[in-house]
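Just below is one structure, and these are the notes that go with it.
The values are calculated or read from the model by the stated rules, or taken from the named source; none is laboratory data. All values reported here derive from a predicted model rather than from experimental measurement. Quick reminder, even Gly has a Cβ in these numbers, built from the backbone with ideal geometry, and neighbours come from all protein chains shown.
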Amino acid sequence: MRPDLRARLAAARAQREREGLLRRVRVCDVLPGGRRVVGGKVLTDFCGNDYLGLASHRELLAALTRAAAAEGVGTGAAHLVSGHRGEHAALEEELADWTGRQRAVLFSTGVMANLGALQALLSAGAMPGRETALCVQDKLNHASLVDGAQLAGAELRRYPHADLEGAARQLAASPDLPALLATDGVFSMDGDVAPLPALAKLCRDRGALLYVDDAHGVGVLGPHGAGSLAAAGLSASDAPVLMGTLGKALGCAGAFVAGDADLMDAIVQFARPYIYTTAMPAALAAATRAALRLVREDTEGRRERLAANIARFRAGAAQLGLPLMPSTTAIQPVVLGDAGSTLAAARQLERAGFLVVAIRPPTVPRGGARLRITLSAAHSEARIDALLEALGHIPLPLQAVAV
């Protein structure tokens, strides 16, 4: 008799609940000043990705409103049909100029960008009966990078986190296949930055294409906020493919992939999530253009304020003996190890007025459950100090150690 699919799903859910790993959706209504209303309680958000506090900026709201009045809400078609508007084209040109690349291609989400770009680059033109290509990835890459390589049918090989020798071994394992090495620029759960110059040299030496997912780097790192590659002094020839998101530091939604014209044309031709998806609203593209201008000029000193907030938090955490990871970015995880202890700590912080989500397996490895604290330019010094005081009252499990 055929096994029952519903029963299998129910058993998997029950196991996740027994292990304290069940996920639940909560409504978080927005208030000014980075606050949220959750379950009727006002909380300060210390887990979102609005790193520069731009999501509610008056210039973004004005641009969105003007464009919506002229363009409507939905575009009604994919980019390759009739959904590609002037605002999309202008945004792609500005993103390419910002990142120092010939062309950029818009996607509706970062996950879709990684799925589509990797599927296109790794599987297009594959020979029948052979793997499409070799894809080498850091063990801590975002899930969408892993899924993109699997969707492409690539030979996927992963190396220990930030281990250059491990990456070299994996590239050498299949010398007869075309190769792409994909890495996060800033790792979303640890907050550290990939060894990008060394990876770029490795890829040049081994004839591999370097693909960098800089979702958490664009907007906050490097000259004019152009990201972790710019911060490392790397050019488009060093890292031919860059993915960035528009819903984090830029305060909007969507994503882009940027690179040379030939690679970007391959993505337009072969990336199924691009070809078969309705284009993002033109009004959203207009708001993103406004955000990009603010980020590039940064006349309000938002990146400087964010850096000061990160330094303040780390200094206070060190005084408390909190087990921070070696991150200099806005992502500041407090690793507690045990999922149950981490959930309890998140609830304790919530009672104190702070929204900090407990990140548990499978998002992070077993034994690596953590409070993923994120800093924003919108946070005041008083709010950061209050969070630190609340963290000082959380009992640390024996396994909570600085990584």
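Apart from one condition, T299 fits all of (1) β-branched (V, I, T); (2) surrounded by 19 or more Cβ atoms within 10 Å (Cβ to Cβ); (3) not in a helix (DSSP H, G or I); the exception is (2). Criterion first (out of contact with any Lys or Arg (no Cβ under 7 Å at 6 or more places or on another chain), aliphatic (A, V, I, L, M) and farther than 24 Å from A226 by Cβ) does A89 satisfy it? Spelling it out, it is not the case that A89 is out of contact with any Lys or Arg (no Cβ under 7 Å at 6 or more places or on another chain), aliphatic (A, V, I, L, M) and farther than 24 Å from A226 by Cβ.
Would you say A179 is under 18 Å from A117 (Cβ atoms), buried (at least 22 other Cβ atoms within 10 Å of the Cβ) and touching a Leu at 6+ places or on another chain (Cβ under 8 Å)? Reasoning before the result, please.
On the way: under 18 Å from A117 (Cβ atoms): yes; buried (at least 22 other Cβ atoms within 10 Å of the Cβ): yes; touching a Leu at 6+ places or on another chain (Cβ under 8 Å): yes.
Answer is yes for this residue.
Scanning for something closer than 21 Å to L181 by Cα and without any contact (Cβ under 8 Å) to a residue 24 or more places away in the chain, does the stretch 236-248 turn up at least one residue? Yes, the stretch 236-248 contains a residue that is closer than 21 Å to L181 by Cα and without any contact (Cβ under 8 Å) to a residue 24 or more places away in the chain.
Mind listing whichever residues of the stretch 38-58 are of a type in the set (A, V, I, L, M), farther than 17 Å from E381 by Cα and out of contact with any Cys (no Cβ under 7 Å at 6 or more places or on another chain)? V42, L54, A55 - these are the residues of the stretch 38-58 that are of a type in the set (A, V, I, L, M), farther than 17 Å from E381 by Cα and out of contact with any Cys (no Cβ under 7 Å at 6 or more places or on another chain). Just one residue in the set A311, A318, A402, A344 is of a type in the set (G, A, S), closer than 22 Å to L43 by Cα and either modelled with pLDDT under 95 or out of contact with any strand residue (DSSP E or B) (no Cβ under 6 Å at 6 or more places or on another chain) (or both); that residue is A344.
Looking at A317, A283, just one residue is surrounded by 23 or more Cβ atoms within 10 Å (Cβ to Cβ), part of a helix (DSSP H, G or I), in contact (Cβ under 8 Å) with a residue 12 or more places away in the chain and over 22 Å from the mean Cα position of the chain (by Cα), and that residue is A283.
Scan the stretch 92-120 residue by residue and report those that are within 22 Å of H224 (Cβ to Cβ) and hydroxyl-bearing (S, T, Y).
The one that is within 22 Å of H224 (Cβ to Cβ) and hydroxyl-bearing (S, T, Y): T99.
Taken as a whole, the structure places R36 among residues that are charged (D, E, K, R), assigned to a strand (DSSP E or B) and either surrounded by 13 or more Cβ atoms within 10 Å (Cβ to Cβ) or in contact (Cβ under 8 Å) with a residue 40 or more places away in the chain (or both). For L250, the criteria (1) assigned to a helix (DSSP H, G or I); (2) hydrophobic (A, V, I, L, M, F, W, C); (3) in the same structural domain as H79 (by TED's automatic domain parsing) hold in every case but one, which is (1). The listed residues are A117, A152, and the only one of them that is over 19 Å from the mean Cα position of the chain (by Cα) and over 28 Å from R302 (Cα atoms) turns out to be A152.
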